[in-house]
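> Following this message is one structure expressed as structure tokens.
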Amino acid sequence: MLHAAKSGAGSELCVGVIGVGVMGSNHARVLAEMPGVRLAGVVDPDRKQAHFVGTTLGCPALSTVEELLDRDVDAVSIAAPTHLHRPIALACIARGVHVLVEKPIASSVAEGEDIIHAARSAGLTLMIGHVERFNPAVQAIAEAIRNEDILSIAITRVGPFPPRMSNVGVVIDLAVHDIDLICWFTRSQIVEVQPQLSNAVAEREDIALLQFRTASGVLAHINTNWLTPFKARTVHVATKRKYVIGDLLTRQVTECYGFQPDGSYSMRHLSVGHAEPLRAELTAFVKAIRDRSPPPVTGEDGVASLAIAIQCLDGRSDAAPAPGHKPASSPKPRPAPRRAQPAIAKS
Ligand SMILES: NC(=O)c1ccc[n+]([C@@H]2O[C@H](COP(=O)([O-])OP(=O)(O)OC[C@H]3O[C@@H](n4cnc5c(N)ncnc54)[C@H](O)[C@@H]3O)[C@@H](O)[C@H]2O)c1
């Protein structure tokens, strides 16, 4: 049975979090502190983790989605493993509950489209957790290039192997953030993809050099890997009149402008906010529900970036093995998977 959509307008919005591992525990922390929101409960089949998060934040710790839905929640944040996004989202939507689904929207485009279709038919808010859009440095870059004629975008997102290896490689785990940023910055779609991938150490791709062309004619490049000993996240955007450089970790954004025929130019640091990206993302989700307005990151945005990421992976059989590359049958030992210490820290 499909239940009527709830708006929570004018009253406290009851929100639950489904899956309280690394990402979901942060969703729960932020929601527990958000004015006008009541954290109605957290769900995780890992009882110890659910109990830890529930007692830390003072909300019920539940082990099934049904138990949460029986508490008459208005909305949920879904931060369970990606392969569960579709069944969990559909179960929530069928009960008239608005959903924020962590990125990537689902494991396949078809699954993502099922979620979009269900939310649209039920008249419910569906937002995807592309949290990087809410990074103040990204927002300063977006503002700096808003009325500019963008020529190229180069994004670097590199670092060491994550402490817990999931079953996806760098394209789905990391590059999907930047594919979304490229589409968002250019307000266009990616129409050409040239991927170079390699699994130098892990079973799945751990290096990716991805080149794109958008429908608007922008050339874009993503350099991502798990082989760099330190984390780096940078965005460079060339426009006809400016060159904008952003460091997403230090949140320093600089623009070069006023290019002169003699090669000289001016530089200035742009003002960058301090907001926690996840807080801004969840605030936008709650606002979209209350205002009954489209969320800033739609289901269609989530499917578009997943589709391009999958297209990059489909091209991997053409990729030449990197020097020193070991065939998949004899991989180098990969870092032992391990679960992160339960913690509810600022993301
Ligand atoms: N936006 C980002 O920057 C970002 C960063 C990390 C992860 N993510 C996404 O968040 C999601 C979770 O990733 P994570 O790193 O937090 O993983 P995680 O393994 O730390 O947490 C997932 C949690 O879901 C729980 N779970 C498993 N089955 C469940 C079920 N049926 N119902 C409810 N909970 C269930 C697990 O027990 C675990 O505690 C993934 O989709 C991932 O892609 C997004």
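> Can you return the aspartates and glutamates within cross-link range of K242? Criterion is Cα-Cα under 15 Å, with same-chain partners fewer than 8 residues away left out.
E143, E148, D149, E255
> For region 1-140, calculate the relative contact order in percent as a whole number, restricting contacts to Cα pairs under 8 Å that are 6 or more residues apart.
23
> Then there is this: To the nearest whole percent, what portion of all C-alpha pairs in region 1-127 is separated by more than 26 angstrom?
Here the long-distance tail beyond 26 Å is 13 percent of all Cα pairs in region 1-127.
> Using a 1.4 Å probe, how large is the accessible area of F52, given in Å² and rounded to the nearest 10?
Per-residue accessible area (F52): approximately 80 Å².
> Now, a different point. How much length is gained on full extension from N167 to R187, taking 0.36 nm per residue of separation minus their Cα-Cα distance?
4.1 nm
> In nm, to one decimal, how far is the Q260 label point from the Q211 one, both placed 7 Å along Cα→Cβ?
With each label point 7 Å from Cα toward Cβ, the separation is 3.5 nm.
> Per residue, how much accessible surface does the chain expose to a 1.4 Å probe? Answer in Å², no decimals.
I get 46 Å² per residue for the chain.
> Restricting attention to the alpha-carbon atoms of the chain, what are Rg (one decimal) and Dmax (integer), both in Å?
Considering the chain through its Cα atoms, Rg and Dmax are 20.8, 70 Å.
> Calculate, axis by axis, the spread of Cα positions in region 49-92 along the three principal axes, and write the results as whole Å, longest axis first.
Principal-axis extents of the Cα atoms in region 49-92, largest first: 28, 23, 15 Å.
> Based only on Cα atoms, what mean projected area does the convex hull of region 135-261 have, in nm²?
Mean projected area for region 135-261: 8.4 nm², to one decimal.
> If contacts are Cα pairs under 8 angstrom and at least 6 residues apart, what is the relative contact order of the chain in percent?
Computed over the chain, the figure is 20 percent.
> Carbon and sulfur atoms: what percent of the 1.4 Å accessible area of region 48-131 do they account for?
55
> I would also like to ask the following. Based on alpha-carbon centroids, what's the gap between region 33-81 and region 124-170 in Å, whole number please?
Computed from Cα coordinates, the inter-centre distance equals 27 Å.
> With a Förster radius of 35 Å, plug the Cβ-Cβ distance of R292 and R71 into 1/(1 + (r/R0)^6) and report the FRET value to the nearest 0.05.
According to the calculation, E is roughly 0.95.
> With a ≥ b ≥ c the root eigenvalues of the C-alpha gyration tensor of region 95-198, is it rounded (a/c under 1.5), prolate (a/b larger than b/c) or oblate?
Because a/c hits 1.5 or more and a/b fails to exceed b/c, region 95-198 counts as oblate.
> OK, next. In nm, to one decimal, how far is the S63 label point from the H51 one, both placed 7 Å along Cα→Cβ?
Each label point is offset 7 Å from its Cα along the Cβ direction, giving 1.0 nm.
> Find the Rg to Rh ratio for region 55-153, where Rh is the Kirkwood radius over alpha-carbon pairs and Rg uses the same atoms.
1.09
> Still on this structure: State whether region 211-317 is rounded, prolate or oblate according to the following rule on the C-alpha gyration tensor (a ≥ b ≥ c being the square roots of its eigenvalues): a/c under 1.5 gives rounded; otherwise a/b larger than b/c gives prolate, and the remaining case gives oblate.
Judged from the Cα gyration tensor, region 211-317 comes out oblate (a/c at least 1.5, b/c at or above a/b).
> On the accessible surface of region 181-259, probed at 1.4 Å, how many percent belong to carbon and sulfur atoms?
The nonpolar share, carbon plus sulfur, comes to 50 percent.
The values are calculated or read from the model by the stated rules, or taken from the named source; none is laboratory data. Computed from a predicted model, the values in this text were never measured in an experiment. Cβ atoms come from the backbone with ideal geometry, glycine included; neighbour counts cover every protein chain shown. Only protein heavy atoms, including side chains, enter the accessible area calculation; ligands, DNA and RNA are left aside. Shrake-Rupley method; radii C 1.70, N 1.55, O 1.52, S 1.80 Å.
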